[in-house]
1. Round to the nearest 0.05 the FRET efficiency obtained for F192 and V120 when R0 = 45 Å and r is the Cβ-Cβ distance.
2. Starting from the Cα gyration tensor of segment 54-175, take the square roots of the eigenvalues, sort them a ≥ b ≥ c, and report rounded, prolate or oblate (rounded when a/c is under 1.5, otherwise prolate if a/b is larger than b/c, else oblate).
3. Could you state the principal axis extents of the C-alpha atoms in segment 11-223, from the largest down, to the nearest angstrom?
4. Taking 7 Å along the Cα-to-C-beta vector as the label spot, tell me the W167-L68 distance in nanometres, rounded to one decimal.
5. By per-residue mean of other Cβ atoms within 10 Å, what is the highest-first order of 35-44, 104-113, 11-20?
6. Given 0.36 nm per residue, what is the gain on full extension from V146 to L19 after removing their alpha carbon distance, in nm?
7. Residues with beta-carbon under 15 Å from that of G93, excluding G93: net charge, scoring Lys, Arg +1 and Asp, Glu -1?
8. Using alpha-carbon positions, what is the distance between the centroids of segment 21-99 and segment 134-156, in Å?
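Derivation of every value follows stated rules applied to the coordinates shown; laboratory data play no part. From a predicted model like this one, the values you see are computed outputs, not experimental measurements. Counting neighbours? That spans all protein chains shown, and the Cβs are built from the backbone with ideal geometry, glycine included.
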Amino acid sequence: MAIGSFFTSFEWSAFINALILGISIASIWLIAALGLTIIYGAAGVINMAHGEFIMLGAYSSYMLQNFLELPFVLCVPASFLIVAAVGLVLERGLIRYLYKRPLDTLLATFGVSLVLMQGVRLIFGSDPKYIAVPPIFSSNIQFAFVNISVFRLVVLHVTMAIVAALWALFYRTRFGVQVRAVMQDKEMAASFGVNADRIYMLTFALGAGLAVRRPQHRPSDDGDGLRRAGLSGRRGRRWNACRQRGRGWRNGRAAIDLRLFHQRHLRSFRSVRADCGVPADTTSGAIHAGCKASLAASVPDREGTRRK
């Protein structure tokens, strides 16, 4: 295929929307990774419960909005304080006795993660919970030929603000100097009057609080929801068709992936067939039959099941 025809058929709007979506999701995990890095860098603790802190942040936002009726813009900072308080209690009650035994901290935090996971499952169940976002976050901004979600832009700006605040905290404040001193040489820092236990406690609470990420809002089936998810036009219609046929989100995604695999790689298989001297009908028929069988296996026929 010629380069000119490739760029002609390439959908730049879908690519840029997917790129912004990927960057915004990566920025969320960047904040969570910074919290994990702060805990390990300052105290040398391998926190296996960091994922459960992320879970606690999401469920805290859900509880604050649905039971205390706090607005969305206050749920996230409030959940940060809640998870930071949980991290502080965990550090004071368990982790501070294990600083000289890093492998024991790994096992202890792994046990804490199991307790938190099963506790949340017993309280809230295994069904996913969603949080409502303000209508302004559900709108889009049209920039040239790109349709950008306001929510994604807010996430990117908040992430940049948090990263800048953390840099200023660790490199422009007295607390940051003490943290870096304890990281380099705990005994020497203690000889200059730095309370290492207090530094460990605060950094663990800060790292746990940074695990808070925005909870998932419920995707809608209308055009606006599909557009925010990066599925517009033909992709959105194909996605809705898969869902309406009773396949569900995961099976619908599997059906789309298999069809795209069949379309994109058939050309490569044909070139290999030509080099090996295999008849065209045999190769294309085998590929088509294999993809059809895989699609049938991954997407069961609901109507046939009902008839049985």
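1. Efficiency for this residue pair is about 0.60.
2. Taking the square roots of the gyration eigenvalues as a ≥ b ≥ c, segment 54-175 is oblate.
3. Here the spans come out as 61, 41, 31 Å, largest first.
4. 3.2 nm
5. Packing proxy ranking, top to bottom: 35-44, 104-113, 11-20.
6. Length gained, V146 through L19: 44.6 nm.
7. -1
8. Taking the Cα centre of segment 134-156 as reference, the centre of segment 21-99 is 26 Å away.
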